[in-house]
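Asks: For reference, the structure I am asking about is given below.
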Amino acid sequence: MTERLKRSGLIGELSAEFAGTMILILFGVGVVAQVVAGGALTTPPGGLGNHDSIAWAWGLGVTLGVYVAARLSGAHLNPAVTVALAAFKGFPWSKVAPYVLAQTAGAFVAALLVRWNYSEALAKADPGHSIKTQGVFSTLPANGNPNLPVTEWGALRDQVIGTAILLLLILAITDLLNTPPGANLAPFIIGLVVVAIGMAWGTNAGYAINPARDFAPRLASFLTGYRGAWRDQYGHFYFWVPIVGPLIGGLLGAGLYKFFIGRFLPTAEPEPPGRMPVPEG
């Protein structure tokens, strides 16, 4: 009985959040390392991928991470999701801090693995471990481009909007009282949401939309040689932006879903997934 409780209780949930977030970061940070570090060493430069391959790999990382963790923990994989679900969907507040720690730990371990695996390529492409390849691990305003005048405040706005879109759509996709996708396709659709956000909202701040996704790899890079990891290309402290922005945006997006959609949905037994409901009257 004790072993069964251990598997199905909080320990199992935290284990799932750790593993699922680790999978997400292995693909997400890994693809950026391939494009930025590996691409810089090809002839011509940039021959190992582009923005689209980054967006698709992040989306697939989300999909695969959700499939790994969903049965045990619900696969939040994102502190902004956890906080928003606690505020609007009845997720226990007592579990918020443990979930966030598990997500951050999973992202940290994954970032260290990527850093280790790409150590030769990163050292060759950027011997000083500077802002040139810092974007492999953490986001920057305008993706580190000094010619695009996006400040930390513009990036904060971007993160609030992008994460609000993410949470509004996650709640729409997973709400059983709405018309959720059938055949266990919700993780795939959520992955497509991340791809779309990356393609439409990726310029101003690199679409972190997840505090654990940004903070943990940033910490891993700092501990392994990137001494400027906490600052942006202008020298400003930036690490707080992809933490505060997504937390605010997640609450905003979940609140918008509840205001515009959730409060109007029926409370009776939902229609079978995939079937369009017929309005009454």
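The values are calculated or read from the model by the stated rules, or taken from the named source; none is laboratory data. Just so it is clear, the structure is predicted and the values come from calculations on it, not from any experiment. FYI the Cβ positions are ideal-geometry reconstructions off the backbone, even for glycines, and counts take in every protein chain you see. Heads up: the accessible areas ignore ligands, DNA and RNA and are worked out on the full protein's heavy atoms, side chains in. Shrake-Rupley method; radii C 1.70, N 1.55, O 1.52, S 1.80 Å.
Asks: Being outside any helix (DSSP H, G or I) and of a type outside the set (S, T, N, Q), is that true of even one residue in the range 50-67?
Replies: So far as the range 50-67 goes, no, none of its residues is outside any helix (DSSP H, G or I) and of a type outside the set (S, T, N, Q).
Asks: Pick out the one residue from Ala123, Ala110 that is assigned to a helix (DSSP H, G or I), in contact (Cβ under 8 Å) with a residue 60 or more places away in the chain and not hydroxyl-bearing (Ser, Thr, Tyr). I'd like the intermediate steps shown before the answer.
Replies: Details: Ala123 fails: in contact (Cβ under 8 Å) with a residue 60 or more places away in the chain.
The unique qualifying residue is Ala110.
Asks: While we're on this one: Can you tell me which residue in the range 55-65 is most open to solvent (accessible area, probe 1.4 Å), limited to those that are of a type in the set (A, V, I, L, M, F, W, C) and over 15 Å from Ala107 (Cβ atoms)?
Replies: Trp56
Asks: Sort out which residues of the range 175-197 are open to solvent by 50 Å² or more (accessible area, probe 1.4 Å) and under 17 Å from the mean Cα position of the chain (by Cα), and write them in order of number.
Replies: Phe188, Ile189, Leu192, Ala196
Asks: Looking at Gly30, Gly39, Gly61, which is the one that is touching a Leu at 6+ places or on another chain (Cβ under 6 Å), of a type outside the set (Ser, Thr, Tyr) and modelled with pLDDT of 95 or more?
Replies: Unique residue meeting the criteria: Gly61.
Asks: State which residue is farthest from Trp116 (Cα to Cα) when the search covers only the range 198-218 and only residues that are assigned to a helix (DSSP H, G or I) and open to solvent by 50 Å² or more (accessible area, probe 1.4 Å). Steps first, answer last, please.
Replies: Step one: list which residues in the range 198-218 are assigned to a helix (DSSP H, G or I), which gives 198-200, 211-218.
Subsequent filtering for residues that are open to solvent by 50 Å² or more (accessible area, probe 1.4 Å) retains 199-200, 215.
On the way: Met199: 28, Ala200: 31, Phe215: 18 Å.
Here the residue is Ala200.
Asks: Would you confirm whether or not the range 101-122 contains a residue that is under 19 Å from Gly144 (Cα atoms) and within 13 Å of the chain's Cα centre (by Cα)?
Replies: Looking through the range 101-122, none of the residues is under 19 Å from Gly144 (Cα atoms) and within 13 Å of the chain's Cα centre (by Cα).
Asks: Here is a further query. Count, please, the residues in the range 142-160 that happen to be in contact with a Phe, Trp or Tyr (Cβ under 7 Å, 6 or more places away or on another chain) and either open to solvent by less than 10 Å² (accessible area, probe 1.4 Å) or within 30 Å of Arg263 (Cβ to Cβ) (or both).
Replies: So the count comes out to 1.
Asks: To continue, here is another question. List every residue pair whose Cβ atoms lie under 8 Å apart, where the two residues are 6 or more positions apart in sequence or sit on different chains, the first residue falls within the range 195-209 and is on the phi > 0 side of the Ramachandran plot, and the second residue, located anywhere, is open to solvent by 10 Å² or more (accessible area, probe 1.4 Å) and at pLDDT below 95.
Replies: Gly206/Asn143
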